[in-house]
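Beneath this line is the structure, given in structure tokens, with notes to follow.
The values are calculated or read from the model by the stated rules, or taken from the named source; none is laboratory data. These numbers were taken from a predicted model, which means no experiment stands behind them. When we count neighbours, we look across all protein chains shown, and the Cβ atoms used for this are built from the backbone with ideal geometry, even at glycine.
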Amino acid sequence: MLHVNSQHIDICNALLVHGHSAFTLSIIEYIDISNLDKEKARELIISREQHYFNESRKRQLLMYNILETAGSLLGYKHSEESIELISAKTRKAMSDPEIRAKIKGIPKSEEHREKISEAKKNMPHNADRQKLA
């Protein structure tokens, strides 16, 4: 069943109106990343995706991309429904003692603990407490 939310309404409406058979998926470029490290492969893939985003806009082709920039969630906003769902699932997961133990049980290096400590010192509520002490 097709679940419609405000973020994807254009895509959902098009699927409902035209049906799945009216859409195609085509590979427009094959990129060989077998000889690249993970970061270089990611950069190449994102640059090619952005190229096709730009070309589609220049040609005013109909696109259903939600984001403007390849590889970036900049500008993306979760719907209130999604935020509530994520929050509820997180609360449920954190109420499970086994999951809490896994999260708390992850060993942290001394460097990691120092970074956490420094970050906490700069938090407004901790900075206020330190001034009072």
Restricting segment 69-116 to residues that are among the polar types (S, T, N, Q) and surrounded by 10 or more Cβ atoms within 10 Å (Cβ to Cβ), the residue that is farthest from Phe53 (Cα to Cα)
Thr90
Which one is nearest to Leu44 (Cα to Cα), of the residues in segment 68-115 that are touching a residue at least 12 places away in the same chain (Cβ under 8 Å) and among the acidic types (Asp, Glu)?
Glu68
Is it the case that some residue within segment 14-35 is loosely packed, with under 11 Cβ neighbours inside 10 Å, within 19 Å of the chain's Cα centre (by Cα) and not hydroxyl-bearing (Ser, Thr, Tyr)?
no
Within segment 70-107, can you find the residues that are charged (D, E, K, R) and modelled with pLDDT under 80?
Lys77, Arg100, Lys102, Lys104
Please indicate, with yes or no, whether at least one residue in segment 51-58 is basic (Lys, Arg), surrounded by fewer than 11 Cβ atoms within 10 Å (Cβ to Cβ) and out of contact with any Asp or Glu (no Cβ under 6 Å at 6 or more places or on another chain).
yes
A careful count of residues in segment 108-133 that are within 26 Å of the chain's Cα centre (by Cα) and either at pLDDT below 80 or under 30 Å from Ile9 (Cβ atoms) (or both) gives 2
